[in-house]
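Derivation of every value follows stated rules applied to the coordinates shown; laboratory data play no part. The shown structure was predicted, so the numbers you read here are calculated from the model rather than taken from an experiment. Here Cβ is always computed from backbone atoms with ideal geometry, including for glycine, and neighbour counts include all displayed protein chains.
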Amino acid sequence: MTNKILAIGECMVEMAPQAQGGYAMGFAGDTFNTAWYLRKNLPADWEVAYLTGVGTDAMSEQMTNFISGAGITPELLTVPDRTVGLYMISLKDGERSFSYWRSVAAARKLAQHPAPIDALEKGDVAYFSGITVAIVEPEDRQALLDTLSAARARGVTVAFDPNLRPRLWAGTDEMRDWIMKAAAVSDIALPSFEDEATVFGDADKAATLARYQNVGVTCVVVKDGPDDVLAQNGSAAPVTVSPVLNPAPVDTTAAGDSFNAAFLAGHLRGEYLSLAIAAGCALSHKVVSHKGALVDVT
Ligand code: ADP
């Protein structure tokens, strides 16, 4: 039987500066990056699909072709008067900074296309992030969570990376409130400790873990950059896994996104929690050793 994992969020046009001058165009975005790595890490009997919004212009068509060219099923809402979002990377003294054009992106309407989530069946997986919840139109947020909650009640596994981005929210209280509402409809949460400590004031990783367990998340995996990952699944004992340190990462873009993909691929195959986490660490270790979000490490 084929199972399906549907990632939900925003894929953007990426303009990355090149050493010889000019920019290289690509496509990336947190949930899309995870879908891209999932396709490379899951066996062929898993379908990987991506739900986002596009326009009817040439750039939207190129993005759609890129998604399907990566072996991912595009599940698209087409918004005729909108297009896809864009970001440009700037390099100054080796430091990267990002400029975004995403306020009218078609992806902001994606919650108005619940059909791909409604079609998920028991055994399938829905994957979304705090960025997904942040970018959808505020009046659509609750509907998105209700759709995910209904899927979960049917036996769909819901996985969530809080991916805290204060700049995408009107204020900290709003962000905290929606992130915990999103966690409350999820079976799996994949937070990163540094961001969580900043936004929620968690004293340690155990506090982050407990906060997500307290809203009903069964499996919580707390990442912490190069430091230990702390995780617990249900009532089993918590586990700690130490990533192999990369002392001089080249580019940490998509470290968490790639971790999530390799972790989920292992976890969904029924691997021991510590082995699935080790697979996440191994993939993200390779990804931080290369430039760019999408690194072909296979
Ligand atoms: P995010 O991109 O969400 O901020 P983290 O910084 O928490 O993610 O990192 C995710 C994973 O990437 C970590 O759990 C770890 O496995 C890996 N990682 C990140 N930085 C390093 C590093 N310097 N050396 C080895 N692994 C790393």
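Annotations
- Formal net charge of residues neighbouring Pro138 (Cβ-Cβ distance under 11 Å; K, R +1; D, E -1): -2
- For the chain, the number of Lys pairs separated by eight or more positions or lying on different chains, with C-alpha atoms closer than 15 Å, is 4.
- Residue-averaged 222 nm ellipticity for the chain, from DSSP H runs of 4+ at -39500 (n - 2.57), nearest 500: -10500 deg cm²/dmol
- Here region 72-206 is assigned +1 on the Cβ of each Lys and Arg and -1 on the Cβ of each Asp and Glu. Its dipole about the Cα centre then comes out at about 300 debye.
- Placing pseudo-labels 7 Å out from each Cα toward the beta carbon at Ala58 and Tyr23 gives an inter-label distance of 1.6 nm.
- Sorting the segments 103-110, 189-196, 46-53 by their residues' average number of neighbouring beta-carbon atoms within 10 angstrom, most packed first, yields 46-53, 189-196, 103-110.
- Rounded to the nearest 20 debye, dipole of region 3-287 from Cβ charges on Lys, Arg, Asp, Glu: 260 debye
- Within-11-Å neighbourhood charge of Asn260 [Cβ basis; K, R +1; D, E -1]: -2
- Cα-based radius of gyration of region 3-287 once divided by 2.2 N^0.38 Å, which approximates compact folds: 0.95
- Residues of region 170-193 with an amide N closer than 16 Å to a point placed 7 Å from the Cα of Thr252 along the Cα-to-Cβ direction: 191-193.
- Label zone at Ala170, where the point sits 7 Å out along the Cα-to-Cβ direction: region 181-224 residues whose backbone N lies under 20 Å: 181-183
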